[in-house]
Amino acid sequence: MATSYCGKILRINLSNKTCRVEELDLELAEKFIGGRGLGTKLYMDEVCPTVDALSPENKVVIISGPLTGTATPTGCRYMVVTKSPLTGMIASSNSGGKWGAVLKYAGYDAIILEGKAETPCYVNIVDDKVELLDAAHLWGTTVETCKHTLEEAHKGASVLNIGPAGETLSLVAAVMNEGERAAGRSGVGAVVGSKNLKAICVTATTRSVMPVYDTEALKAVTSKCMAKIKENGVTGAGLPTYGTAVLVNIINQVGAYPTRNWQHSYDENADATSGETLKEKHLVKNGFCHRCPIGCGRIVEIDGKHVGGPEYETIWGFGSNCGITDLEYINRANLMCNEMGNDTISVSCTIAAAMELYQKGYIKEEECEGVPLIWGNGEAIVVWTERMGRGETALGKLMAQGSHRLCEHYGHPEIAMVVKKQELPAYDARGIQGIGITYATSNRGGCHVRGYMIAPEILGSPEALERTAIDDKHVWAKIFQDLTAVIDSSGLCLFTSFALGAAEYAELINAATGTNYDVNSLLEAGERVYNLERVFNQKAGMDPSEDTLPKRLLEEPIAHGVSKGHLSRLDEMLPKYYEARGWENAFPTQATLERLGL
Amino acid sequence: MEVRLFATLREKREKVVDVPWTPGLDGYALLGTLGIAPEDVAIFLINGVHHRLDAPLNAEDVVALFPPVGGG
Ligand code: SF4
């Protein structure tokens, strides 16, 4: 019987230059769905959690979901799962574009990378033909140049690659595909760079859509989901028209928009960098991932070239968080970050932390080598992004290790706005309580897409919750985290969840694979994934005290704006959250693990 | 009264509109004066705090209106 899994894993050992195709255990696949869930399971079965993330003993699992490459809305996503060199915990970074779908069209659910090549190399896959090729000529090139060169050499190939940041082992380096799509967070690009692997090209010559278990059922549920996506105000109108950057004004208006490294939470100039202004002054057209009916991407023009524009987190990070009010500089910094192959959130927030260190006199002017880290200095965000990406200047090298290590170096760790050493995104958890619990308990550290509580707390979706209350936010956080783990495992884009719920995801996965998930068992599968990641972190040496927020959010009330006076009430929410999860002291109890079949 | 408009609600309108306050004014009446249909407003903030459209308004309030939007 057909299923949308290929049933094949490609194992590439870079040390001895061998490639081997292995069978995917379909029972295991169904239990962990795919993508983030199955990737974590495959990874944990092979790698010791205390491994040095940048050593040859670490491995990387690049994996699609069962809906990747199927005729479903946004069926294009893949994940990069490994141990993070930034956090020392699980990394699982998600990306769209087309590459993940092409990998499946070529016949593979996943690639496992192991070992380390002696010299720079890249992989070229054409259906069942796989070769390891010399990448000396590509080493040191930017993401776009490398992609372009490989597209010329292998006509029709879809290219995944790292940039200079991954090569120089920046701890915030991304894995990029199609030039501007990023598996951005947790330094996954550095792990690939540590293996001397520059790129993976994939060409599929025989297939352009995945066969599924029940074609008619999938067609029916897909057309139902498409209608919901089109009718929904967010996915049908808001995201296509303004992209994610429409959030700039909303989050600023509720006084929870971190400004100048979170010293303030309202920026009176934010409208100059909003989604509305981006649309009016810079938008050329929308950008679409493969099979996406939404098209939240922004294409902008820089120096006569059409390039990927910034999304919300990036606009915030390089914008208000660095005191910048000019979108032109933000567009350029975003482009530079993509060219370097670095994570825009971590890079921009590290620059913001450096600006606060400079403001307070801890970083000296002479360390800045001609480009002072002054709030609002547009040139600084572009130049320091390049210096971090290339590992240039002593300070640039230090900043490439992320804000935690930067601020520790100067003796002021409290200035780093991180959870588990990873930079926080663009919502102040003092003014929005529920997002604080998901920040603090995210298995991959500071992150908004592990349980997007902004949807109910700010956007009123699926129902409105009072943002400053704590009520039963711990229960909401758990459900959101579990559902997100499902979506990340399925191969669909998280943005579909504005329009779709667990019932639709279950129907889609069942039609594609022949599973029998219902809402409860699907959420339980998500819970299983969340707990599995937590087990990895425990074995990797996570301390329970790391489920926390930066001191600034716990002890310094918001000073200005409509959320003035608020602090995160994490200490009240956390014990209730652990109880709801069946965890004791930050980790699953034996009973919880048994209940979930772990 | 200061009313801030965002996203599509700005189309063919100003970004910030000054609406004369009258006793008993609530969100619905305010939308009436602006010619905005209630179903086009998904987020209704009074001084940065979410409210339902039947919430009464004071002369010194700052109102922010958003259509359905999202991101992340
Ligand atoms: S909604 Fe945006 S990020 Fe998601 S698949 Fe579509 S274009 Fe890509």
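Numbers below:
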{"quantity": "Candidates A:505, A:517, A:530 - the one that is hydroxyl-bearing (Ser, Thr, Tyr), crowded, with 21+ Cβ neighbours inside 10 Å, more than 25 Å from residue A:431 (Cβ to Cβ) and touching a Leu at 6+ places or on another chain (Cβ under 7 Å)", "calculated": "A:505"}
{"quantity": "Some residue of the range A:451-462 being of a type outside the set (A, V, I, L, M), over 23 Å from the mean Cα position of the chain (by Cα) and away from every other protein chain (no Cβ under 14 Å)", "calculated": "no"}
{"quantity": "Residues that are under 19 Å from residue A:526 (Cβ atoms) and touching a residue at least 12 places away in the same chain (Cβ under 8 Å), drawn from the range A:563-578", "calculated": "A:577"}
{"quantity": "Qualifying residue in the range B:38-46 (condition: more than 10 Å from the chain's Cα centre (by Cα) and more than 28 Å from residue A:448 (Cβ to Cβ))", "calculated": "yes"}
{"quantity": "Residues of the range A:176-205 satisfying the condition of being within 16 Å of the ligand (Cβ to nearest atom) and surrounded by fewer than 24 Cβ atoms within 10 Å (Cβ to Cβ)", "calculated": "A:178, A:179, A:180"}
{"quantity": "Residue in the range B:49-56 that is at the interface with chain A (Cβ under 10 Å from one of its Cβ atoms) and exposed (fewer than 15 other Cβ atoms within 10 Å of the Cβ) present", "calculated": "yes"}
{"quantity": "Subset tally (residues that are more than 11 Å from the chain's Cα centre (by Cα) and outside any strand (DSSP E or B)) for the range B:56-72", "calculated": "8"}
{"quantity": "Output for the range A:220-273, where each listed residue is among the small types (Gly, Ala, Ser), at the interface with chain B (Cβ under 8 Å from one of its Cβ atoms) and buried (at least 19 other Cβ atoms within 10 Å of the Cβ)", "calculated": "A:233, A:238, A:243, A:245, A:255"}
{"quantity": "Residue among A:60, A:51, A:81 that is of a type outside the set (Gly, Ala, Ser), free of Cβ contacts under 8 Å to residues at least 40 places away in the same chain and in contact with a Lys or Arg (Cβ under 9 Å, 6 or more places away or on another chain)", "calculated": "A:51"}
{"quantity": "Counted residues, the range A:279-337 - those being buried (at least 21 other Cβ atoms within 10 Å of the Cβ), within 16 Å of the ligand (Cβ to nearest atom) and among the polar types (S, T, N, Q)", "calculated": "2"}
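One line per residue, one yes/no per condition, for (1) at pLDDT below 95; (2) farther than 22 Å from residue A:18 by Cβ; (3) in contact with a helix residue (DSSP H, G or I) (Cβ under 9 Å, 6 or more places away or on another chain):
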position	(1), (2), (3)
A:115	no, no, no
A:119	no, no, no
A:155	no, yes, no
A:166	no, yes, yes
A:172	no, yes, yes
A:180	yes, yes, yes
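The values are calculated or read from the model by the stated rules, or taken from the named source; none is laboratory data. Keep in mind that what you see is a predicted model, and the values were worked out from it rather than measured. Counting neighbours? That spans all protein chains shown, and the Cβs are built from the backbone with ideal geometry, glycine included.
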